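Step one of this worksheet: look at the structure below.
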Amino acid sequence: MCLIAWNWQPASATPLLLLANRDEFYARPALPLHWWEPAANSAQILAGKDVQAGGTWLGVSRTGRLAALTNFRSGTPQRTDTPSRGELVAAFLQSDQAADTYLQQLAWHCGDYNPFNLLVFDGQQLMGLESRSAKVLTHAPGLGAVSNADFHTPWPKLTQLRLRLAAHATNNMADLHVLLPLLHDQSIAPDAALPRTGVPLELERVLSSAFIATPGYGTRACSVVALHQSRAEFIEQSFGPRGLISETQEQFSF
């Protein structure tokens with residue numbers, strides 16, 4: 001997952017509204033949004049699945065938990081001897097631990113993984129973990145976002161998505177589909193506004209859009225999740241190198 005924005009309003013009818021894009025190589029196989037076979041003594045998960053490593057980038061549980069993950073981008077090659085970061089999302093969704101307990105325990109083991117940011121919601125708290133510094137954050141109510149840097153780092157696409165979500169924050173949306181175009185934006189940021197993450201400038205330009213489309217790599221999933229007081233809505237669009245492949249929508253009660 002490479003871009004996430006949310007509106008966290010715990011006292012409202014919809015405590016958490018979240019938008020997210022997952023970027024990945026098209027050659028890496030994945031299953032679209034579906035209900036996973038439940039593991040023993042754990043909550044059932046609604047999520048896409050990375051077929052190669054078995055984890056996921058974004059999901060919710062039947063009990064109303066949510067977790068999402070982004071990688072941290074730098075010019076340093078990724079290690080090949082680490083566990084999959086996607087398993088951290090699934091593990092939280094299948095557990096009944098409080099968000100702070102889960103993240104504080106995980107913080108001791110961040111070095112076992114390639115760098116990541118993990119966002120978790122346990123029904124009460126919205127929290128995050130920046131693995132590079134093993135920093136646990138409690139997110140205050142309001143708008144927030146994360147891409148492939150620390151939480152709230154103002155990359156152009158992050159800032160734009162957060163602003164556009166804010167424009168919808170006061171609307172009573174009967175149909176979450178109205179938010180999907182916010183995730184489809186392919187505008188390239190001007191060079192002066194680009195982050196410097198250690199990758200070549202040409203690649204930095206390509207990666208600066210909310211929706212990425214190159215011959216071998218791009219946005220594979222656009223997702224909108226609404227967690228209401230006692231029910232959830234989840235829409236996911238799946239993409240390949242030739243465009244939209246499928247759309248899945250699920251609704252369920254906690």
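The values are calculated or read from the model by the stated rules, or taken from the named source; none is laboratory data. Since this is a predicted model, take the numbers as computed values, not measurements. Cβ placement follows ideal geometry from the backbone for every residue including glycine, while neighbour counts extend to all protein chains displayed. For accessibility, only protein heavy atoms count, side chains too; no ligands or nucleic acids. Shrake-Rupley method; radii C 1.70, N 1.55, O 1.52, S 1.80 Å.
Brief remarks on what is shown
- Candidates LYS157, LYS49, LYS135: whichever shows maximal mean-square fluctuation once the chain is modelled as a Gaussian network with Cα springs under 10 Å: LYS135
- Computed about its Cα centre, the charge dipole of the chain is approximately 280 debye, with only Lys, Arg, Asp and Glu carrying charge at their Cβ.
- Taking TRP108, TRP57, TRP36 in turn, the Gaussian network model of the chain (Cα-Cα springs below 10 Å) assigns the largest fluctuation to TRP108.
- Quotient of the Cα radius of gyration of the chain and 2.2 N^0.38 Å, N being its number of residues: 0.93.
- The calculated 222 nm mean residue ellipticity attributable to helices in the chain amounts to -4500 deg cm²/dmol, summing -39500 (n - 2.57) over DSSP H runs of n ≥ 4 and dividing by all residues.
- Here the accessible area is traced with a 1.4 Å probe on the protein chains. For the chain, carbon and sulfur cover 53 percent of it.
- Residues of segment 21-142: accessible area per residue with a 1.4 Å probe, Å²: 45 Å²
- Normalised size of segment 86-146, defined as Cα radius of gyration per 2.2 N^0.38 Å with N residues, equals 1.05.
- Per-residue packing, averaged as other Cβ atoms within 10 Å, sorts the ranges 101-107, 2-8 into the order 2-8, 101-107, beginning with the highest.
- With all protein chains kept in place, the per residue accessible area of segment 164-223 amounts to 51 square angstrom at a probe of 1.4 angstrom.
- Most mobile of VAL146, VAL120, VAL178 in a GNM of the chain (Cα contacts under 10 Å): VAL178
- Applying 1/(1 + (r/R0)^6) with r as the Cβ-Cβ distance of ARG132 and ALA166 and R0 = 25 angstrom yields a FRET efficiency of 0.35.
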